[in-house]
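Asker: Let me begin by handing over the structure; questions about it come next.
The values are calculated or read from the model by the stated rules, or taken from the named source; none is laboratory data. All figures in this text were calculated on a predicted structure; none of them were measured in a lab. Cβ placement follows ideal geometry from the backbone for every residue including glycine, while neighbour counts extend to all protein chains displayed. Heads up: the accessible areas ignore ligands, DNA and RNA and are worked out on the full protein's heavy atoms, side chains in. Shrake-Rupley method; radii C 1.70, N 1.55, O 1.52, S 1.80 Å.
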Amino acid sequence: MKILVVGSGGREHAIAHALARSPQQPELLCAPGNPGIRALARQVASGQEVDEVVAAAQAEGVDLVVVGPEAPLVAGLVDALQAVDIPAFGPSAAAAQLEGSKTFAKEIMIAAGVPTGGHAVVATVDEGLAAITSYPAVVKFDGLAAGKGVVIAVDEAAAREALVDMLETKVFGDGEVFVEEFLEGDEVSLLALCDGERAIPLAPARDFKRALDGDEGPNTGGMGAFSPVPGVDPDTLAEYSAIVHQPIVDELARRGTPFHGVLYAGLMLTAAGPRVLEYNTRFGDPETQVVLPRLRSDLADLMLRATRPGGLAGAELDVDPRSAVTVVLASRGYPASSSKGDVIEGVDAAGALDDVTVFHAGTGGGEGDAPLVTNGGRVLAVTALGDALGSARERAYAGAESIAFDGRQLRGDIALAASRLPA
Ligand code: AMP
Ligand code: GLY
């Protein structure tokens with residue numbers, strides 16, 4: 001079996017690592033990969049452009065393409081592969097709109113009866129202010145906004161500023177703007193494997209989006225994650241999945257754009273029950289670095305089955321009861337900027353620790369005598385397994401602390417609060 005993994009982040013390294021554990025012993029290819037992925041997979045494309053990936057997949061005669069990031073999904077990579085009869089794990093461009101457009105996601109959620117915060121699309125600042133009935137309130141921009149498209153406004157002045165920025169100054173360009181009810185609670189990421197007909201939930205995870213300890217500082221791509229999440233036991237997971245995944249899969253099937261791949265629901269667990277904040281149509285990063293190391297089932301088999309309508313019928317996941325924690329090491333300046341070329345030391349020593357795996361994200365070099373160097377914002381994710389969140393976290397930090405590079409940044413509190421709760 002030949003499998004091509006598309007993408008170059010920590011998420012794709014975790015996917016490749018899980019595929020490499022498949023009893024089918026697949027031959028792994030990557031497009032473009034990173035130094036960690038390329039230790040497991042042969043690079044066959046210089047990037048992840050649709051035409052180049054399709055040509056490489058055809059030339060290699062691959063049995064499955066796994067698409068990691070959202071951009072190639074939205075660009076129609078899965079559709080283009082299907083058109084040449086190559087099974088591809090991931091949604092079509094039409095189904096990926098669930099992530100590509102926040103207002104489309106809201107519309108689908110309402111049609112499918114999925115609980116989410118109340119919202120109103122607004123065209124003017126006055127309309128926006130009139131639609132807000134209490135503070136804090138949330139103002140959202142539907143479009144690319146470099147992580148700044150969600151503003152939690154504590155009072156009317158803050159809401160006015162956000163609305164003026166988005167609707168009048170158009171700091172993010174053109175796009176719909178809506179105000180949303182502020183939801184309070186703990187967040188959880190629930191990912192499910194989908195085959196167009198059903199959703200099978202993977203282990204729950206929580207990620208840490210802010211740059212600094214105590215959830216201070218700017219938003220990032222994610223500075224760490226852990227799994228499982230206290231309070232979300234297997235029965236609760238099944239109950240939540242029936243509320244937030246299955247109705248979306250049903251609704252998209254009804255519309256003739258069935259969902260295949262990973263459906264990621266970002267939930268707020270409020271006093272009134274779970275509410276969906278957003279959907280992503282791919283694995284989360286860094287959630288994947290804790291979810292997949294706990295998956296004992298054959299990922300290659302599950303992914304291939306998910307590409308076929310109803311292919312996951314009867315699938316049951318075997319999940320490691322141990323806990324996983326991942327700690328992201330970022331480069332100097334992240335998230336505002338990033339640093340390239342800083343020499344990284346200690347990766348092999350960290351990976352040699354018991355139950356520790358180092359996933360590469362923004363790394364470069366490492367071939368022949370060339371040193372491994374930083375090559376992006378999030379550089380590495382150090383994952384460890386342990387009998388409980390506390391021991392997994394101690395191991396992950398032991399691994400993280402044995403890796404050194406100039407400007408290294410990490411949070412010290414990943415999974416700390418949760419490790420003090422009963423499982
Ligand atoms: P989103 O891109 O929609 O997931 O929003 C990014 C982050 O903003 C979320 O992970 C939440 O922490 C926060 N957020 C978004 N919407 C709300 C809401 N309605 N109430 C409270 N926090 C929210
Ligand atoms: N960890 C959040 C995401 O992957 O979008």
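Asker: For the stretch 200-237, which residues satisfy the criterion of being open to solvent by 50 Å² or more (accessible area, probe 1.4 Å), more than 15 Å from ligand 2 (Cβ to nearest atom) and under 20 Å from the mean Cα position of the chain (by Cα)?
Answerer: The one that is open to solvent by 50 Å² or more (accessible area, probe 1.4 Å), more than 15 Å from ligand 2 (Cβ to nearest atom) and under 20 Å from the mean Cα position of the chain (by Cα): 212.
Asker: Only one residue in 188, 171, 121 is surrounded by fewer than 20 Cβ atoms within 10 Å (Cβ to Cβ), assigned to a strand (DSSP E or B) and of a type in the set (A, V, I, L, M), so which one is that?
Answerer: That would be 121, the only listed residue that is surrounded by fewer than 20 Cβ atoms within 10 Å (Cβ to Cβ), assigned to a strand (DSSP E or B) and of a type in the set (A, V, I, L, M).
Asker: Taking residue 158 as the residue in question, decide whether it is within 16 Å of ligand 1 (Cβ to nearest atom), without any contact (Cβ under 8 Å) to a residue 40 or more places away in the chain and either open to solvent by less than 20 Å² (accessible area, probe 1.4 Å) or within 15 Å of residue 278 (Cα to Cα) (or both).
Answerer: Answer is no for this residue.
Asker: Restricting the search to the stretch 271-310, which residues are over 16 Å from the mean Cα position of the chain (by Cα), under 25 Å from residue 85 (Cβ atoms) and open to solvent by 20 Å² or more (accessible area, probe 1.4 Å)?
Answerer: Selection gives 298, 301, 304, 305, 307, 308, 309.
Asker: Sort out which residues of the stretch 191-205 are within 16 Å of ligand 1 (Cβ to nearest atom) and part of a strand (DSSP E or B), and write them in order of number.
Answerer: 191, 205
Asker: Given the stretch 328-423, what helices (runs of 4 or more DSSP H) lie entirely inside it while holding 3 or more residues that are open to solvent by less than 50 Å² (accessible area, probe 1.4 Å) and out of contact with any Lys or Arg (no Cβ under 8 Å at 6 or more places or on another chain)?
Answerer: Hits in the stretch 328-423: 347-351, 389-401.
Residues checked against (1) within 16 Å of ligand 1 (Cβ to nearest atom); (2) within 24 Å of residue 195 (Cα to Cα); (3) not acidic (Asp, Glu):
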{"site": "272", "(1), (2), (3)": "yes, no, yes"}
{"site": "291", "(1), (2), (3)": "no, yes, yes"}
{"site": "299", "(1), (2), (3)": "no, yes, yes"}
{"site": "304", "(1), (2), (3)": "no, yes, yes"}
{"site": "312", "(1), (2), (3)": "no, yes, yes"}
{"site": "317", "(1), (2), (3)": "no, yes, yes"}
{"site": "321", "(1), (2), (3)": "no, no, yes"}
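Asker: Of all helices (runs of 4 or more DSSP H) completely enclosed by the stretch 1-79, which ones contain at least 1 residues that are open to solvent by less than 50 Å² (accessible area, probe 1.4 Å) and under 20 Å from residue 286 (Cα atoms)?
Answerer: 10-20, 70-74
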